Amino acid sequence: MVPLSASKILSTYAARTPSSARLQLRAIESFPSGVTHLGRYLQPHPLFVRRACGSRKWDADGHEYVDYFGGHGALLLGHNHPAVVEAVARQMERGVHYGASHEIELEWAELIRKMIPCAGRVRFTISGTEATLLALRVARAYTGKTKVLRFAAHFHGWHDQVAFGAEIPAGILNELAASVVLCEPHDIAQVRQQCHSRDDIAAVILEPTGATFGQVPCNRQFLADLREVTARRGIVLIFDEVITGFRCSPGGAQAYYGIAPDLATLAKIVAGGYPGAALVGRSDILGVLEYRDSGPSLQGPRVPHQGTYNAGPVSAAAGVATLRVIRDTDIVARACATGERLRQEMNAVCRRLGAPWCVYGECSGFHIFPGSAAPDDIYAGRVPWKKLKGATPLELLQKIRVGFLCGGVDIIGWPGGVISGVHGGEDVDRTATAFEDLLRMLREEGDLD
Ligand SMILES: Cc1ncc(COP(=O)(O)O)c(C=O)c1O
């Protein structure tokens, strides 16, 4: 394998993007590693983007890219959908923060309650991380129990209770880690054993498609078994639908699989690309967030929850506009159909070049597996999860992203991406060409076989 310092892929990218290189010299003065999110880090420098529209975006040197980063998954409608732009512009004129209740938050919550099966009540937060933090606290308060069961490789944001796996990163307290029961992904026997042998588990939280939007896929049967065991033991089942909400179907993964959790966390699409998220779920469980006024004196909620920007009117307006498009059109189905076509075309490229890699995924997502397997092997559980997630060397992941950028395509570093309802045939064709060029370059550098 050619090291990054000598890679032709990286030098081609560097020659193409001199403005990004210059901006990175400034960025490194202000930001650790010159970036504001670790997923945006790239060698020799990250891409600086100046504008975006539909399925495309343009960098500081004017190059155009098919965008599969999709606002980290928030932009199911693509960049600058006219309905969202209009709603946001109108709201900006009417005020961006009232410090009071308002009608747009009502409409936002009512849409969510109609679309998401488990959403009896709603509490808005700003980010997915806040929503999963609140979900766990609410579940503990409701059950009076202390532990949370979650699965290795599943992502729930960066707060202390969810930001570690087998190894505990610096800064996270060992005492806190002890409150988490960490299971192997989708091992129902292990879950059953834990849930039946102890009485201190408040909640089970998971990504319902499997880790990282199905990079480590799980299946409906696993979800059904999980639903059954948690219901039997009085454990709160939480679907983290931060990515899957309104993407797998207008009713999220819970409608797609036909299994309703007790609580769900929503972010990204729910606020149409603006800051906003929500904890939704059973009314009795969200009752722990309520003031108690039945006795002689008014008492505060059992779980106090604040947040300066909760249900901000601009995010609410963007959310309402986005959810209406999802409710009233076939945009989710179109994104899923393009996803299917993209995965097929990319797999055809692998076959044409005799590359052992494959591309897989469900709905409007794709994952590139830079190893030796077919999608059927992955879905049949024949590829260990540690190979699917976390095994690819960082150097190869960097080359894959940078190589795609050289071909005018921006992917997420999983490696994979999310597809919007405005991606189309031309985007797919351009992506297949960029993928073919990338595989040829990787083969030259000894990274493919
Ligand atoms: C499944 C899942 N949960 C939680 C989060 C955290 O959301 P946020 O980045 O809004 O804090 C993410 C973010 O990508 C996610 O994919």
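Is it fair to say Phe164 is in contact with a Cys (Cβ under 6 Å, 6 or more places away or on another chain) and in the same structural domain as Val191 (by TED's automatic domain parsing)?
no
For the range 20-39, give me the residue count where each residue is in a helix (DSSP H, G or I) and crowded, with 16+ Cβ neighbours inside 10 Å.
Final tally of qualifying residues: 6.
Scan the range 315-324 and tell me whether some residue there is touching a Pro at 6+ places or on another chain (Cβ under 6 Å) and not assigned by TED's automatic domain parsing to the domain that holds Ala432.
Yes, there is a match, as at least one residue in the range 315-324 is touching a Pro at 6+ places or on another chain (Cβ under 6 Å) and not assigned by TED's automatic domain parsing to the domain that holds Ala432.
In the list Ala348, Ala335, which residue meets the criterion of being in contact with a Cys (Cβ under 8 Å, 6 or more places away or on another chain) and aliphatic (A, V, I, L, M)?
That would be Ala335, the only listed residue that is in contact with a Cys (Cβ under 8 Å, 6 or more places away or on another chain) and aliphatic (A, V, I, L, M).
Could you please let me know if Pro117 is in a loop (DSSP other than H, G, I, E, B), more than 12 Å from the ligand (Cβ to nearest atom) and at pLDDT 95 or above?
yes
Please give the number of the condition Arg341 fails out of (1) among the basic types (Lys, Arg); (2) part of a helix (DSSP H, G or I); (3) in contact with a Leu (Cβ under 7 Å, 6 or more places away or on another chain).
(3)
I'd like the full set of residues that are assigned to a loop (DSSP other than H, G, I, E, B) and touching an Asp or Glu at 6+ places or on another chain (Cβ under 8 Å), limited to the range 374-394.
Correct list: Val383 only.
Which pairs do you get when a residue that is in contact (Cβ under 8 Å) with a residue 60 or more places away in the chain and within 19 Å of Asn310 (Cα to Cα), found in the range 80-104, comes within reach of a residue that is surrounded by fewer than 18 Cβ atoms within 10 Å (Cβ to Cβ) and of a type outside the set (Gly, Ala, Ser), reach meaning Cβ atoms under 8 angstrom, with the pair 6+ apart or on two chains?
So the pair list comes out as His97/Tyr309.
If you scan the range 48-72, which residues turn out to be at negative phi, assigned to a loop (DSSP other than H, G, I, E, B) and small (Gly, Ala, Ser)?
Residues satisfying the conditions are Ser55, Ala60.
Test each condition in (1) crowded, with 19+ Cβ neighbours inside 10 Å; (2) away from the ligand (no atom under 16 Å from the Cβ) for Ile168 and report the one that comes out false.
Unmet for Ile168, out of (1) crowded, with 19+ Cβ neighbours inside 10 Å; (2) away from the ligand (no atom under 16 Å from the Cβ): (1).
Quick check on my filter: what residues within the range 395-413 are assigned to a loop (DSSP other than H, G, I, E, B) and either surrounded by fewer than 24 Cβ atoms within 10 Å (Cβ to Cβ) or free of Cβ contacts under 8 Å to residues at least 60 places away in the same chain (or both)?
Gly407, Gly408, Gly413
Taking Ala100, is it outside the structural domain of Ser55 (by TED's automatic domain parsing), assigned to a loop (DSSP other than H, G, I, E, B) and surrounded by 16 or more Cβ atoms within 10 Å (Cβ to Cβ)?
No, not satisfied.
Can Ala153 be described as in the same structural domain as Val138 (by TED's automatic domain parsing), touching a helix residue (DSSP H, G or I) at 6+ places or on another chain (Cβ under 9 Å), hydrophobic (A, V, I, L, M, F, W, C) and closer than 24 Å to Leu38 by Cα?
Criteria met by Ala153.
Filter the range 122-153 down to residues that are without any contact (Cβ under 8 Å) to a residue 60 or more places away in the chain, within 16 Å of the ligand (Cβ to nearest atom) and either surrounded by 24 or more Cβ atoms within 10 Å (Cβ to Cβ) or farther than 19 Å from Pro304 by Cβ (or both), then give me how many there are.
Total meeting the criteria: 2.
The values are calculated or read from the model by the stated rules, or taken from the named source; none is laboratory data. All figures in this text were calculated on a predicted structure; none of them were measured in a lab. Heads up, the Cβs are rebuilt from the backbone with ideal geometry, glycines too, and the neighbour counts pull from every protein chain shown.
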